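Below is one structure; the comments refer to it alone.
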Amino acid sequence: MKSTKNLALGGLLIALVTIGTMTINVPMPATNGYINIGDSMIFMIAILFGSRFGLLAGGIGSALADIFLGYTHWALPTLIIKGLEGFIVGKIAVEKTSESSFEIRDIIAVLVGGTWMVAGYYLGGAILKGSWLAPLDSVGGNIIQAIGGGVIAYPIIFAILKTSIVKVIKEN
């Protein structure tokens, strides 16, 4: 029964990242990509549900958004970059079940995960464009996206932790 619950939860979290990424996105013509709020969902999922769900929801959900939005050239790099971002945040952060368990390392987790995302897209851009200079124009937008993702994620995490939903999901 637990594997069925985890499968359903995983599917819902993947959909949450996909929708979060697709709902608000700002195209960046210089990079052939876009800025979005999907990172906030990845951060939230990784902190609340751990590295495994962060990896799967971050990677698959973000890659699906790239495909659905027509950025298919970024889908494979995004699968890797965002998946590792969710994994990193989940590994550093402490999984949450109550409001009192929030720690400074959760902020560090988002900073490290966001830094990986910026570096990962720089590397991905260098590979796609065949130049180490061309992807430099994406760094600023990706930094804004990472910081914005953290700023959006924390109030949502706090609001969710005021309920018992995470505890109920993890116990059943």
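The values are calculated or read from the model by the stated rules, or taken from the named source; none is laboratory data. Fair warning: this is a prediction, and the values are worked out from it, not measured in the lab. Note that each Cβ is placed from the backbone with ideal geometry, even for glycine, and that neighbours are counted across all protein chains shown. The protein model used for the area step is the full one, side chains on, heavy atoms only, and it has no ligands, DNA or RNA in it. Shrake-Rupley method; radii C 1.70, N 1.55, O 1.52, S 1.80 Å.
The number of residues in region 129-152 being of a type outside the set (Val, Ile, Thr), touching a helix residue (DSSP H, G or I) at 6+ places or on another chain (Cβ under 6 Å) and open to solvent by 30 Å² or more (accessible area, probe 1.4 Å) comes to 1. Just one of the numbered conditions (1) of a type in the set (A, V, I, L, M, F, W, C); (2) in contact with a Phe, Trp or Tyr (Cβ under 8 Å, 6 or more places away or on another chain); (3) modelled with pLDDT of 95 or more; (4) exposed (fewer than 15 other Cβ atoms within 10 Å of the Cβ) is not true of ALA126: (4).
Among the residues of region 6-26 satisfying the criterion of being β-branched (Val, Ile, Thr) and open to solvent by 40 Å² or more (accessible area, probe 1.4 Å), which is nearest to LYS82 (Cα to Cα)?
Residues of region 6-26 that are β-branched (Val, Ile, Thr), as a first pass: 14, 17-19, 21, 23-24, 26.
Subsequent filtering for residues that are open to solvent by 40 Å² or more (accessible area, probe 1.4 Å) retains 19, 23-24, 26.
Working: ILE19: 15, THR23: 17, ILE24: 17, VAL26: 18 Å.
Filtering first and then ranking leaves ILE19.
Yes or no: region 40-52 includes at least one residue that is part of a helix (DSSP H, G or I) and free of Cβ contacts under 8 Å to residues at least 24 places away in the same chain. Quick ask: steps written out before the conclusion?
As a first pass, look at region 40-52 and keep what is part of a helix (DSSP H, G or I): 40-49, 51-52.
If we keep only those that are free of Cβ contacts under 8 Å to residues at least 24 places away in the same chain as well, we get none.
Looking through region 40-52, none of the residues is part of a helix (DSSP H, G or I) and free of Cβ contacts under 8 Å to residues at least 24 places away in the same chain.
Anything in region 153-172 that is exposed (fewer than 12 other Cβ atoms within 10 Å of the Cβ) and of a type in the set (A, V, I, L, M, F, W, C)? List them, or say none. Scanning region 153-172 gives ALA159, ILE165, VAL168.
Among the residues of region 37-76, those identified as over 14 Å from GLY149 (Cα atoms) and aromatic (Phe, Trp, Tyr) are PHE49, PHE53, PHE68, TYR71, TRP74. Elements of the type helices (runs of 4 or more DSSP H) sitting completely within region 73-172 and holding at least 3 residues that are farther than 20 Å from ALA63 by Cβ: these cover 104-129, 136-161, 165-171.
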